[in-house]
Every structure is written in C-alpha cells, then in structure tokens.
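Chemist: Shown below is the structure under consideration.
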Amino acid sequence: MSLFESKKDSNEVFRIIVFLSPFIFLLFSAFLQILNLSYFKADDFKTQSESNRLYQSKIFPQRGFIYDSNNILLVENNIQQDLQINPNIIENPSFFLKQISDLLELNYSKIESDFFIRATGKNPNEPYFLIKNLSEKQIAKISVNLEKIKGAEIISSFSRNVLHKEIMAPVLGYVGNISKQEIFNNPELTKYSGLKVGKTGIEKDLDSALRGDIGFRIQERDSYGKLVRNISIEPPKKGKNLRLSIDLELQKKLFYEFKGRKGALVAIEPKTGLIRALISSPTYDPNLLNTINDYDEVRNLFSDQDSPLFNRALSGQYPPASTLKPFVGMAALEAKTISWEKEILDSGEYLVEGDERPYRGWKEGGHGKVDMNKAIIESSDVYFYSLAYDLTVSNLSPFLEKFGFGEQSGLTIREGTGILPSRKWKLGYKGESWFKGDTINMGIGQGYITATPLQIAVAYSALANKGELVQPRIIEKIGEENTETVIKKNISLIDDLNWKRIEKSLLGVVEASNGTANNIYDRNIRIAGKTGTAQVKSIIETEYELLRVDKSLRDHALFVGYGPVEEPKLVVVAIIENGESGSAVAAPLVRKAINLYSKK
Amino acid sequence: MKNNPLSFSVNLKINRNQNQILSFDYWIVLSVIALCFFGLAMIYSASNSLEMTIRQGIYLFVGLGGMFFLAFSNFRQMEVFYLHSFWPALFLLVIVLFFPSENSETKRWIDLGLFTFQPSELIRFILPISAASFLTRNLKTEMKDMWLVILLTFLCFYLVAIQPDLGTSLIVLLAGMLPVIISGFPWVYIYSGAFLGILSLPVIWLSLYEYQKQRVLTLFNPEADIYGAGWNIVQSKIAVGSGGLFGKGFLNGSQSQLNFIPESHSDFIFSVIAEEFGLAGVCMLLFVYGILIFRLLLVAFQSTNRFAKIVSGTLSIVLLAYISINISMVIGILPVVGMPLPFLSQGGTALIVNLLTIGIILSLRKEV
C-alpha cells in the first residue's frame, strides 16, 4: 500500500515538475533578456530614454535694431504670438480643429486644409505653427481655454518692424525664412534654421551682425509633449544694433519730393563717403514681407510693372549722359588731345569722314564756338563728340575707370557694375569690333556706357574732393564699433589746376546765365553740378516727338551736383525716369538736398 | 476510524490548533506580504495617483483577510464548498457576457456599483480547486471524470476567450487541464493533445482579433511601427534597459513618470520596477518570487493528500505562468496579452484571487 502510494506520489510530483519546467525555462530566458537589456545594452537604452524625455528647443534671438545717423529708430522687433500645434497630443484632429475654429471664429475649412498640408509635409510629430500673428483677443481666448484644446500652445516670437516703411525700404530691405538656395550658398545658415534672415538691403548685407546667436532650452516633457520642467537654458544673444549714415529727416523730405515718380537719388558726403540719403522710387512696404500674412499682397508686389523691389539707386543702370562730360573733358586734357582754352565750332552737327549721317547735338543750330568751359556749361554735344573722337576709347575708358565707372563701389555686393565699354568689352559681349561712332556716342555719356546713380555720385565725390576717391559707406556703427573712412585712391592729374577749372565750369552750369541748370541758382549755397538727359532709345532713326507719345520711352532726367562748393558737404545724384529735363526735374531735388543738409 | 468520523475530526482539529502557528509557513506569508506592499508602492510610482493606491490597498486588506481566513480553515471541510462553487462561478462567467460593465469595450467586468470584478479571474481560481476536488472524490480517478473536467474547462476557456481576453483564457485552460494531468491523465492523450494543439495553430491564428495578430507580429519587429503597435514594447524595453544595474530610483523613472510606458500601473508594472530599481531590483523580485514558488511547491511535494497535491501543484504552476508570461511580454519576448503580474499589478480581482490561492495552499500545508 505504501509502495503504491509512494509510486503514485512520485508520479504526481513528476507531472508537476514536467509542467512547471516550460515556465521556469521561460522565466530563465526572460531573465537573460533582462540581463541583455539592462546590463549589456544599458547605455544604449539610457540614451534612448534621455532623448525620450528631453526636448531641446531653440530660443530665437532678437535681431539687432537699426538707427539713423541721429539715433532715430528705424527698425525694431515686435513680439508676435503664434499658435503652435503639437500633433503628438492631438487625439482627434477634426474635433480639435473644430474647437480652434469656434474659439477663434475662424473658417474651419481653411484651418483644416492648413493643418493637413502642414501635417503631411514634415515629421508628423514635430510641432508647428498653425495660426500666426494672433490678435490680443484670440490670445485671451486661447489662454482661458488652454485645457480644452490640448496640444495647442502659444509661442512668442519676434517679427521685424520697419518704422518708416516705404521711405526706408530700399536701404533696409526685408527679412524672410532661410531658403534652400541660401543654405546651399552658405551651409553655416543651417544652424540658424527657423530664424529669419535678411533677403536684401542692409538686412542682408549685415545679416550676420544683426542676426545674433540662437539660444537653447532643454526641457523635460512627458509622452504627451507636455512640459514638466526646464532643465537648462542657454540664453540667446541679441544681434548687434546698427547705426546708419542715413539722415532720416533728409531722406524723408526728399522721398516725398519724388511723389511716386520712378527714379533714384543718392546723397553722399564726399569727404567720408557716408551716404546720407538713398532713395529708389517707387518703393514698397517692407513689413509686408517681414511678416507675410497676406500672400496676395506679396504676389502683387513681386509682379508690379514698376518693380518697386528693384533698387534703382544701387542697381539701376542708366546712361550717364551729359553728366559724363566733365570726365571726358578731363580725360582729353590729361591725354593732351585738347587744351582748356581751345575752341571748337559747334554747328549743331558733328560729321565724321566716312560716316554718312551726322551726329546731332541737343540744340538745333549748335552753340557756336565753344571752349571746354562753355561746352560744360551749355552742355555742348558736338564739342564732346569731337573730343571723344580725338581721344579714342583706348584713352577714355581707362581714365573713366579711375573714377569708378564699370566696377562696384564696394558698398554692397548687390549693386550694379554699370558698363564701361572698351574694344575688348564690345568684342566679348557684342561680338563686334569697336566703331568710331561708339566712341563719339560715349563722349556724351550715351551708347554702351551705363552707370548706377551710386557710381555717378562716387565719381563726382572724387571731383568734389579734387582727386580723393572715397569708398561709399552706409553703416556708421556696428554694435559699438565705428566704421572708418576709406580713401580708395587719390587720382592725380598732370595739372592740378584742371580740378579747379572743371569745378568752375560745373559751378557755371548752375550760376552762369547760359548754364543748363540756371533754374536752381541760389547765391547763398553754391552748387557745382551737371545736368543730363539720358536717351532711353536712340533717336538717330526716329524723331523724338514720335517716341514721346510712349511715356516709358521718354528721356531720363539726371542731375548731379555738390555743394556748398567752398566746402562740399554733399554730392547728390538725382534721376527721374522719363522725366525728360534734367534741369527742370532732377536739379531741384539736388538743390533741395544740399540746402537741407547744409543748414544742419 | 471511518465509523466515527466526527470524533476523529474533533481530535484532529484540537491537535492542529495546537501546532497551527508552528506549521504556518512564514516564508510564504512574508514573501506574499512583501510583494503586495512593494506592489502598492510601485502602483503609486507608476500612476502618481494616491486614490488608485488606496483603492488597491483596500483590496489588499480584503484579500489578506480572505487569505488568512482560508489559511486557518480546514480544507477538508471546505472541499465540498470548493466542489460546488464551480457552478456559481460559471454562472457569473455567462452573466458577464450579457451584462458587462459599460466602462469597457470588452465584456470582462461585472459592475457592482461600488466596485467591478472579473469573473474570469474567479473561474481560473475556482476551476482547478473544484476540479481537483471532483477528481479526488474517489481513491482512483476515473477517466470519465477527467473527460468531464476537460469538457468544462474548454467551456470556460471559450467563455473567457470571447470576452475577449486571450491571456486569461489561456490561463483558464492551463488551470483546468493541470488537475486532470496531475491526477494521472494518460501520457498518450497528453501527447496527442499537444500535437493537436500545434496542428490547430493556424486555425487559432485565423480566429484571433486583428489587434491580437498585430501584437504577435510586433513582437518580431517592434521597431517597424514605433508610434503605433510597437510603441508599448519599445518604450517598455527602453524603461527596462535604461534602468541599468541599480535603476533610477523610486519615483525617478523617467519612462514611467512621464507616461512613456502604457498601462504602467497594471500589466507593465514590471518595467517600472526594472527602470526604478534596475537589474538589482529585478533580481531581488525574482528571488522573492522564487522563495514563494518554491515554498508553495514544497506543499505539493510534501503533502500526502492527493487533493492538496493537485491543488497546490496546479496553483503554483499557474502562479509561475503568470509571472513568467507577464515578464516575458513586458520585455518583448512574448506577444502582449492582458496578463497582470501577481501581487504587484493594479487590479482588485486578481489580487484578491491570488491571495485566496495562497490562503488555500497554506491551509493545505497543514496536512503535511
């Protein structure tokens, strides 16, 4: 009996052990897996768990402010509040969006389409901005209902605000998101992603100074993305403030003189190269682009026929026309192909042997016998046709190059170079050899030669300085550092008297009774200057009166002047596109600029 | 002796009362109490909810009361009660299908107003005891009794499986079959049964719910869908792994405190333990579980009573099954099935039932 019992007993125990063993085996393999996870792979999992809970987010710096030369604020930053969405937390997107649209009284379908467009583009779990630039009322409503709309968060950021909008736009430019192209050109920008960078103007040229440095915030967040606590904060560095050389008062008054006409004005202090006014008209409201809220407005801006975004003062390439004449004259004096006193008969036409058609002067019947002084004062074309013809392009172009024609002034890489034609240039760009007629046209600043208003201003600064060619500047101070005057070169003439002679003639343009800009004569503040009328289309083939009908084919009016002559404070170039008469339209602007500035 | 059962029983009772305290297995009682209180702490850490912890604490005291009551009871007197309690348990199992608690999508809970309970937990406890009692009512177990138990086991299995609750239904199957097997079911049938089971795997696979299939699939490649089906496993493994050797400290597990672990207070409580107490804590836990299982098995091995042997053997294996399957699924070597960690996971019915299990085995021990 006991034997039977014990046998049976062992049978039961045996069966228990048999059915226990798979679970012991399972537990043993589980233990090996735990050992694997928490011993051999622990570091790996620790990293994963850290990245799980820790969120590194950027703190964007405040962009530097920009002031005018009198420390008047030009650009500031507004605090903008945006609604950020964390898709991780949102359980039911359509319900969530419905709540948002009800709360903010916004169109549901628009929010929905925004949401799904944004949601499909990127990492679906990355937070993004759903609604930008919330109004105070909207902020209040969201703040009160934050518990109800889980997954929404209000994030503050800075937006750029240009205070004198249109007036300063061509100088300042605007900011925008970093484009792929910009990152391609400058891979450094990747670490600034999320930040707005300058797209043009000062904002672009001095972007690295204005930008500042991004700060970082490490936060602990739970699996819903909800903030638990801040772990560490590395504060952002504010961008450097800038002080421009622009005189807002002057800029503003001159801007209003343009009355929306197309054109440009550059006013430079010749001694220092500081630009006191820089106008390009028409212009635009940079804030439209700084914070893009309405895409239609932006589209209109970019497709505007008058190209308001184009900076005419820096990049507009115009024939310098008669404003080039003083330099042609000086070049001839330098090459000794003419003397100061030598007279040439201006009968209104210039004939070249072998050329059938005559080169006409602007004044029918001509100016009679003219020397260089009279030729500049009355702006004789025939005199300068003759001068250029004798001088040849090989002598003329290198001389003009000394004054900065055909190259950037060094103010910004955005400026145009203009064209300083030469035999080589024409062969290269036009595939034609140089004709004498090309030189003749160039003698009066027409034909292939073009220059930007800035280049003309720089060239005349050298005249005002009697040879010192300054580098134009628009920044007076970056952060705490002042910029310095740079004299690029000192142009010397074989006879220093020629500076004086030319200046006297330029003074005659304004002060002589036969001067072309006699209308702006003012004996209190004496201006030396030169008018110009740039032909938009060659009038050799067609009569000008026929062209005039089309306003866009009318001549550009130019005037460049500096004053007061005794101690030049300002060189001003004014161009009014299709303004026809340099003296009537452009010269008064220059007079106004110099008068305003001299009184300071 | 059989002629005078009453006097015998009285005598025995007096004797037993005298050495009851002595024969009481402190190893079992202490390890269970340690586990339960540790469980309370972990539930608090995982849920950060004092309310949930207190609730579980109340269940714990109810359970401990039940445990001691059963431990001090005479299992021979209770046997008849155990035998017949199967029917009400089965009844509840049917009832829950018709009147489930409305708080859940599954039909697992019966809502009794103040609290809810799971009849499936009850049946997996009652079924083996009742079966053991039924199978041992004669000296030699008859084959037709065994077949009856198997039939009823499959019925219970089916009723739980359609709730649906795959994890518990498998436990019910195990708990119902073990008494039959231990009591001497012929090996040849066991082999053919296992063989049939393997053959029917494709059928079982097809009858699984989509989410259940998904859980099995994610087991093999949890990284395939980190934010979807694989989330639980991936996050749980991160928790276990990042705990390292000594853990991040009580209440300091970032995975659990920041809600990265799903169900961290119930089925996934093991990952919270591993995260906060590390490999050392896991070893300690397994050690305590080891002592408990060993002492429980000892009852089965040492007892001369067949009923005691079958019951304590079955319940020990079921307990070990719970532990090993829960841990395995939490660390990603078994698919996720709803199966709590005994004494530790939040859940009133499971805790009370587990404590009652211990109480019964303690009472069986007195027969040693």
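The values are calculated or read from the model by the stated rules, or taken from the named source; none is laboratory data. Quantities reported herein were computed from a predicted structural model and do not represent experimental measurements. Because the Cβ atoms are built from the backbone with ideal geometry, glycine has one as well, and the counts that use them run over all protein chains shown.
Chemist: Residues of the stretch A:573-600 being within 16 Å of A:Leu278 (Cα to Cα) and basic (Lys, Arg), which ones?
Modeler: A:Arg591, A:Lys592, listed by residue number.
Chemist: Quick one: would you say B:Glu263 is under 30 Å from A:Arg229 (Cβ atoms), assigned to a helix (DSSP H, G or I) and out of contact with any helix residue (DSSP H, G or I) (no Cβ under 6 Å at 6 or more places or on another chain)? Before the answer, list the steps.
Modeler: Details: under 30 Å from A:Arg229 (Cβ atoms): yes; assigned to a helix (DSSP H, G or I): no; out of contact with any helix residue (DSSP H, G or I) (no Cβ under 6 Å at 6 or more places or on another chain): yes.
So B:Glu263 does not fit the description; no.
Chemist: Assess whether B:Val318 counts as being surrounded by fewer than 24 Cβ atoms within 10 Å (Cβ to Cβ) and either in contact with a helix residue (DSSP H, G or I) (Cβ under 8 Å, 6 or more places away or on another chain) or not in a helix (DSSP H, G or I) (or both). Working first, answer last.
Modeler: Details: surrounded by fewer than 24 Cβ atoms within 10 Å (Cβ to Cβ): yes; either in contact with a helix residue (DSSP H, G or I) (Cβ under 8 Å, 6 or more places away or on another chain) or not in a helix (DSSP H, G or I) (or both): yes.
It is true that B:Val318 is surrounded by fewer than 24 Cβ atoms within 10 Å (Cβ to Cβ) and either in contact with a helix residue (DSSP H, G or I) (Cβ under 8 Å, 6 or more places away or on another chain) or not in a helix (DSSP H, G or I) (or both).
Chemist: Check B:Phe260 against each of (1) aromatic (Phe, Trp, Tyr); (2) in contact (Cβ under 8 Å) with a residue 60 or more places away in the chain; (3) within 30 Å of A:Ile89 (Cβ to Cβ) and name the one condition it does not meet.
Modeler: (2)
Chemist: Something else about it: I'd like the full set of residues that are more than 22 Å from A:Pro127 (Cα to Cα) and in contact (Cβ under 8 Å) with a residue 40 or more places away in the chain, limited to the stretch A:170-198.
Modeler: Within the stretch A:170-198, the first condition is being more than 22 Å from A:Pro127 (Cα to Cα), and the residues that meet it are A:170-175, A:181-188, A:198.
Once the filter is applied, which keeps residues that are more than 22 Å from A:Pro127 (Cα to Cα) and in contact (Cβ under 8 Å) with a residue 40 or more places away in the chain, the stretch A:170-198 yields A:Pro170, A:Val171, A:Leu172, A:Gly173, A:Tyr174, A:Val175.
Chemist: Are there helices (runs of 4 or more DSSP H) fully within the stretch A:380-432 with at least 1 residues that are over 25 Å from A:Glu343 (Cβ atoms)? List them. It would help to see each step written out before you state the result.
Modeler: Working: elements: A:381-391, A:393-402, A:423-429.
Helices (runs of 4 or more DSSP H) meeting the threshold: A:393-402, A:423-429.
Chemist: Could you tell me which residue of the stretch B:101-119 is nearest to the chain's Cα centre (by Cα), considering only residues that are in contact (Cβ under 8 Å) with a residue 40 or more places away in the chain and not in a strand (DSSP E or B)?
Modeler: B:Gln118
Chemist: Tally time: how many residues in the stretch A:8-53 are farther than 24 Å from B:Met329 by Cβ, facing chain B (nearest Cβ under 7 Å) and hydroxyl-bearing (Ser, Thr, Tyr)?
Modeler: Result for the stretch A:8-53: 0.
Chemist: Moving on. Is there a residue being part of a strand (DSSP E or B), touching a helix residue (DSSP H, G or I) at 6+ places or on another chain (Cβ under 9 Å) and surrounded by 13 or more Cβ atoms within 10 Å (Cβ to Cβ) anywhere in the stretch A:83-95?
Modeler: From the stretch A:83-95, those part of a strand (DSSP E or B) are A:83-85; that's our starting set.
Imposing the further condition that a residue be touching a helix residue (DSSP H, G or I) at 6+ places or on another chain (Cβ under 9 Å) reduces the set to A:83, A:85.
Checking which are surrounded by 13 or more Cβ atoms within 10 Å (Cβ to Cβ) leaves us with A:83, A:85.
Within the stretch A:83-95 (the criterion being part of a strand (DSSP E or B), touching a helix residue (DSSP H, G or I) at 6+ places or on another chain (Cβ under 9 Å) and surrounded by 13 or more Cβ atoms within 10 Å (Cβ to Cβ)), the answer is yes, since at least one residue qualifies.
Chemist: So, one more: Here's a check for you: in the stretch B:255-274, which residue that is buried (at least 24 other Cβ atoms within 10 Å of the Cβ) and facing chain A (nearest Cβ under 8 Å) is nearest to the chain's Cα centre (by Cα)?
Modeler: B:Ala274
Chemist: How many of the residues in the stretch A:298-316 are outside any loop (DSSP other than H, G, I, E, B) and either in the same structural domain as A:Val171 (by TED's automatic domain parsing) or surrounded by 14 or more Cβ atoms within 10 Å (Cβ to Cβ) (or both)?
Modeler: If we filter the stretch A:298-316 for residues that are outside any loop (DSSP other than H, G, I, E, B), which is where we start, we get A:298-303, A:312-315.
After this cut, where a residue has to be either in the same structural domain as A:Val171 (by TED's automatic domain parsing) or surrounded by 14 or more Cβ atoms within 10 Å (Cβ to Cβ) (or both) as well, the list is A:298, A:301, A:312-315.
So the count comes out to 6.
Chemist: Here is a check on your reading of the model: is B:Phe277 touching a Ser or Thr at 6+ places or on another chain (Cβ under 6 Å) and either among the hydroxyl-bearing types (Ser, Thr, Tyr) or in contact (Cβ under 8 Å) with a residue 12 or more places away in the chain (or both)? So that I can check it myself, show each step before the final result.
Modeler: On the way: touching a Ser or Thr at 6+ places or on another chain (Cβ under 6 Å): no; either among the hydroxyl-bearing types (Ser, Thr, Tyr) or in contact (Cβ under 8 Å) with a residue 12 or more places away in the chain (or both): yes.
No, not satisfied.
Chemist: Just wondering, is there one or more residues in the stretch B:326-337 that are within 14 Å of chain A (Cβ to nearest Cβ), within 11 Å of the chain's Cα centre (by Cα) and among the polar types (S, T, N, Q)?
Modeler: Yes - at least one qualifying residue is present in the stretch B:326-337.
Chemist: For the stretch B:241-254, give me the residue count where each residue is outside any helix (DSSP H, G or I) and facing chain A (nearest Cβ under 7 Å).
Modeler: Going through the stretch B:241-254, the residues outside any helix (DSSP H, G or I) turn out to be B:244-253.
The next check asks that each one be facing chain A (nearest Cβ under 7 Å); those that pass are B:244-245.
Within the stretch B:241-254, residues that are outside any helix (DSSP H, G or I) and facing chain A (nearest Cβ under 7 Å) number 2.
Chemist: Inspect all residues belonging to the stretch B:290-297 and state whether any of them is at pLDDT below 90, facing chain A (nearest Cβ under 9 Å) and part of a helix (DSSP H, G or I). It would help to see each step written out before you state the result.
Modeler: Quick first cut of the stretch B:290-297, residues at pLDDT below 90 only: none.
No - not one qualifying residue is present in the stretch B:290-297.
Chemist: Among the residues of the stretch A:206-233, write down those that are more than 14 Å from chain B (Cβ to nearest Cβ), of a type outside the set (S, T, N, Q) and either without any contact (Cβ under 8 Å) to a residue 12 or more places away in the chain or within 20 Å of A:Ile154 (Cα to Cα) (or both).
Modeler: First pass over the stretch A:206-233, keeping only residues more than 14 Å from chain B (Cβ to nearest Cβ): A:206-217, A:230, A:232-233.
Right, trim to of a type outside the set (S, T, N, Q) and you get A:206-207, A:209-217, A:233.
Answer for the stretch A:206-233, where residues must be more than 14 Å from chain B (Cβ to nearest Cβ), of a type outside the set (S, T, N, Q) and either without any contact (Cβ under 8 Å) to a residue 12 or more places away in the chain or within 20 Å of A:Ile154 (Cα to Cα) (or both): A:Asp207, A:Ile214, A:Gly215, A:Phe216, A:Arg217, A:Ile233.
Chemist: Would you pick out the residues in the stretch A:487-517 that are part of a helix (DSSP H, G or I) and surrounded by 17 or more Cβ atoms within 10 Å (Cβ to Cβ)? It would help to see each step written out before you state the result.
Modeler: Looking only at the stretch A:487-517, we keep the residues that are part of a helix (DSSP H, G or I), and these are A:497-511.
Those that are part of a helix (DSSP H, G or I) and surrounded by 17 or more Cβ atoms within 10 Å (Cβ to Cβ): A:Asn498, A:Trp499, A:Arg501, A:Ile502, A:Glu503, A:Ser505, A:Leu506, A:Leu507, A:Gly508, A:Val509, A:Val510, A:Glu511.
Chemist: Tally the residues that are among the charged types (D, E, K, R) and closer than 16 Å to A:Met442 by Cα, restricting the search to the stretch A:320-338. Give the steps one after another, and end with the answer.
Modeler: Residues of the stretch A:320-338 among the charged types (D, E, K, R): A:325, A:334, A:336.
So of that shortlist, the ones also closer than 16 Å to A:Met442 by Cα come out as A:325.
Total satisfying the criteria: 1.
Chemist: Filter the stretch B:161-192 for residues that are surrounded by fewer than 18 Cβ atoms within 10 Å (Cβ to Cβ), in contact (Cβ under 8 Å) with a residue 12 or more places away in the chain and part of a helix (DSSP H, G or I) and give the result.
Modeler: Correct list: empty.
Chemist: Here's a follow-up. If a residue must be within 14 Å of another protein chain (Cβ to nearest Cβ) and touching a Lys or Arg at 6+ places or on another chain (Cβ under 7 Å), how many such residues does the stretch A:54-83 contain? Walk me through it before giving the result.
Modeler: So in the stretch A:54-83, the residues within 14 Å of another protein chain (Cβ to nearest Cβ) come out as A:54-55.
Next cut, touching a Lys or Arg at 6+ places or on another chain (Cβ under 7 Å) only: A:55.
So the count comes out to 1.
Chemist: Can B:Gly359 be described as away from every other protein chain (no Cβ under 11 Å), within 26 Å of B:Leu70 (Cα to Cα) and more than 13 Å from the chain's Cα centre (by Cα)? Steps first, please.
Modeler: On the way: away from every other protein chain (no Cβ under 11 Å): yes; within 26 Å of B:Leu70 (Cα to Cα): yes; more than 13 Å from the chain's Cα centre (by Cα): yes.
In short, yes.
Chemist: Of all residues in the stretch B:275-292, how many are buried (at least 21 other Cβ atoms within 10 Å of the Cβ) and within 15 Å of B:Pro342 (Cβ to Cβ)?
Modeler: 3
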